[in-house]
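For reference, the structure is listed below as structure tokens.
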Amino acid sequence: MSSPASTPPAQTAAEPAATPPASPVGSAPAISSAPPPAAPRPGPSARAVAVGALLVVAGALLAYLPGLGGHDLWAPDEPRFGQIGREMVRSGDWVVPRMNDEPVALLPPLTYWLVAAPSAIGGEVTPWTARIGLLPSAIATLLAVYLLGVRIGRSRGAGLAAAAVLGTTSGFHHQARFLQADLHLLAGTTAALLAFHVGWRDPERRRWAYPAMGVAIGWAILAKGPVGFVVPGLVVLVTLLRNGGVGSLWRDLLRRPSFWGGVAAAAAVALPWYLLVGMRSDPAFARELLVKHNFGMFFDTWSHDEPFYYYLTKMPVWLIPWIAALPAAVVALRRRAAADEAVRPDASFLVIWFVAVFLFFSIADAKQAKYLLPIYPAAAIAIGLLWARAADAEGAGPRAGVAAGEIPRRLTVASLALLGGLALLLGLGALVAGPLLATGAIGLEPPADVVALGAGWSLVPLGAALLGAGGLVGASLRRGALTRAFAGPALAIVAIGLFIQLGLTPAFDPVKSGRNFAERLAEHAPPGEPFAIVGFGRRQHGDYIFYTERPVISFRDEDGQGNEMTGAIAYLRSEERVFVAMKSGFEVWLASLLRDEVDPPPVHELFRVRKGSKELVVVSNRPSPPSPPDPEEDTPR
């Protein structure tokens, strides 16, 4: 059995050999002082690759599983997806996504299915059952990056380093812990590009690699729609054109039966749901799902409109801490491609992956930081290759000299020293601030005061961990051990992630969760009784529906249009008792409108509750009945 990075064997008759790609990714000359190229390194054995994969899975479980269900579902996305999953479980309809018993044409169903499936076991959606579906996608993404690192770097160390880099970027770490659809999209696009790389570079394996690519694309389409095909398709198209022109596109892809097998596989995975939902819903549902929430978000400015340079400001934040090492990784990749012709196609593949997808999302009108998630595996692989080459340079033999010539040592040391220094500063700050925040010695305004009191003491172990990570970087750099220095930033991010998940996020529940509102409403309204919402868009309704488990009445249409106050006044005229929740300040507006009414309905304020920086006011057309007396207060002492 050949290893994932082995040299392609003789070609089979069914899949004739492709013309070797020859276009370089750059034209920088090799460094004249570098020794002659060493013989190509043999790829790791299948057993070594399998052991590395187990290490990746274990690392992902240790990094992302603790505290996964330790805090409430946070608005706007988490409770909305949780409610759709709950309605799937309770209704038994897993085809048409619904919230508030109304069809929701926001996303294809994969995210909802991954909420509903584990929740169906116990019959209820909890924070843990809602988020546990993220773990398979996180692991699949890291395994795909690991295998690409093994293939391109021809070593298990390169794969492990690439997976460690991606797994400890701030953006990936966040997406692996919060319920959104983008991590599932990332798993599909990354797996698809792994399968493409296998089929492109190892023609003997095309017969299964291209169908596997199709399965992964089908998964990505079920996660977020056509973008699941566009992202890997763009990378594949540009890569083939760059490395062989139109002829390569024909020889290596379009003429291959295995490619059309991949197209059929993608259709087999994704198309059945689209056909079923089309048959079981009206045409407006399909139009909103495909046109408004996919093509509309690319060409129109109705949602998340941002300037072209938006991602230049967001990408560095989502690549923390490894953005500091990216310039050195790019220089090292270019040097290696210039010195070794066999590496050039792989180097161009990574550059195209990063740049083409970055430009694609930059051109789109609708932008959010999380949309750029599919480019980070390419950056992680490049940085992982730098980390692995640093390990090679610290070894012995001719490969050490070659690796040392490829690494921009001063730039790499400077970036690691910067990260180590930041870890030390943050660690000292956390050790000092933690006790002061936990004891209330630092006065903060609501809601920050609640968060500080709940999370302050957890800053102390975080500070100690950051000091340790920064110290590891400093000590390693003094000894010239770049390999160990790379471990410092990774350990720092793991420590920060565990602090956020175990210490900080539970303290944010009063700020981010609708649970407090639901508990207060339950004191006045019988279970299951509906209430109306004024002053909040439909995107925010999921929070209140999920925690109250009540139907919500909205006076806006799907496009956010409609006179809410007119609807609220008419609702308050109901014969039965009704409830209206509104933003603080809307009750003043309501009172001013009622003064102009000939026969205004009665309005009674029942309670106010704070959610973060916002305050909600709940009114009714009937006063609350007096609370029954507490028997303990009437007992003679």
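Evaluate Rg over Rh across region 526-629, taking Cα atoms for both radii and Kirkwood's formula for Rh.
Result for region 526-629 is an Rg/Rh of 0.95.
Taking the dipole about the Cα centre of the chain, with the C-beta of Lys and Arg at +1 and of Asp and Glu at -1, give me whichever of PHE536, PRO327, PRO526 is farthest to the positive side.
PRO327
I need the shape label for region 51-122. Rule: rounded when a/c is under 1.5, else prolate if a/b > b/c, else oblate, with a, b, c from the alpha carbon gyration tensor.
Note, shape of region 51-122 comes out prolate.
Take the Cα pairs of region 64-171, get the Kirkwood Rh, then feed it into Stokes-Einstein at 25 °C and 0.890 mPa s and tell me D in µm²/s.
159
Using the Cα gyration tensor of region 329-410, with a ≥ b ≥ c the square roots of its eigenvalues, what is the shape: rounded (a/c below 1.5), prolate (a/b larger than b/c) or oblate (neither)?
Note, shape of region 329-410 comes out prolate.
When the Cα centres of region 98-122 and region 51-67 are compared, how far apart do they sit, in Å?
27
Could you do me a favour and compute the accessible area per residue for the chain, 1.4 Å probe, result in Å²?
43
Report the equivalent ellipsoid semi-axes for the chain in whole Å, largest first, defined as the square roots of five times the eigenvalues of the gyration tensor built from alpha carbon atoms.
51, 31, 20
Of the beta bridges DSSP finds with both residues in the chain, what % are antiparallel, to the nearest 5?
Rounded to the nearest five, the antiparallel share is 70 percent.
Provide ASP543, ASP365 ordered by accessible surface of protein heavy atoms (probe 1.4 Å), highest first.
ASP365, ASP543
Report the charge-dipole magnitude of the chain in Debye, nearest 20, computed about the Cα centre from +1 at each Lys and Arg Cβ and -1 at each Asp and Glu Cβ.
For this selection, approximately 3340 debye.
Suppose we look only past 15 Å in the calculated P(r) of region 203-245. What percent of the Cα-Cα pairs does that tail hold?
51
Using only the alpha-carbon atoms, what does region 155-254 span along each of its principal axes? Please give whole angstrom values in decreasing order.
Principal-axis extents of region 155-254 (Cα, largest first): 43, 35, 24 Å.
Starting with the highest mean, order 503-509, 187-193 by the number of other Cβ atoms within 10 Å, averaged over the residues of each peptide.
By packing density, highest mean first, the sequence is 187-193, 503-509.
Compute the Cα gyration tensor for region 199-333, then decide on rounded, prolate or oblate, letting a ≥ b ≥ c be the square roots of its eigenvalues: rounded whenever a/c is under 1.5, prolate when a/b is larger than b/c in the other cases, and oblate in all that remain.
Verdict is oblate for region 199-333.
Going 7 Å from the Cα of GLU523 toward and past its Cβ, which residues in region 594-623 have a backbone nitrogen under 16 Å from where you end up?
So the set is 605-611, 616-620, 623.
With a point put 7 Å past each Cα toward its Cβ, work out how far LYS583 is from GLU549 in nm, to one decimal.
Label-label distance for LYS583 and GLU549, simple model: 3.0 nm.
Please give every one of the lysines within straight-line cross-link reach of LYS583, meaning a C-alpha to C-alpha distance under 20 Å, and leave out same-chain neighbours fewer than 8 residues apart.
LYS512, LYS611, LYS614
The values are calculated or read from the model by the stated rules, or taken from the named source; none is laboratory data. Just so we're clear, the structure is a prediction, and the values are computed from it rather than from any experiment. No Cβ is skipped: glycine too gets one built from the backbone with ideal geometry, and neighbour counts run over all protein chains shown. These area figures cover heavy atoms from the full protein model, side chains too; ligands, DNA and RNA do not enter into them. Shrake-Rupley method; radii C 1.70, N 1.55, O 1.52, S 1.80 Å.
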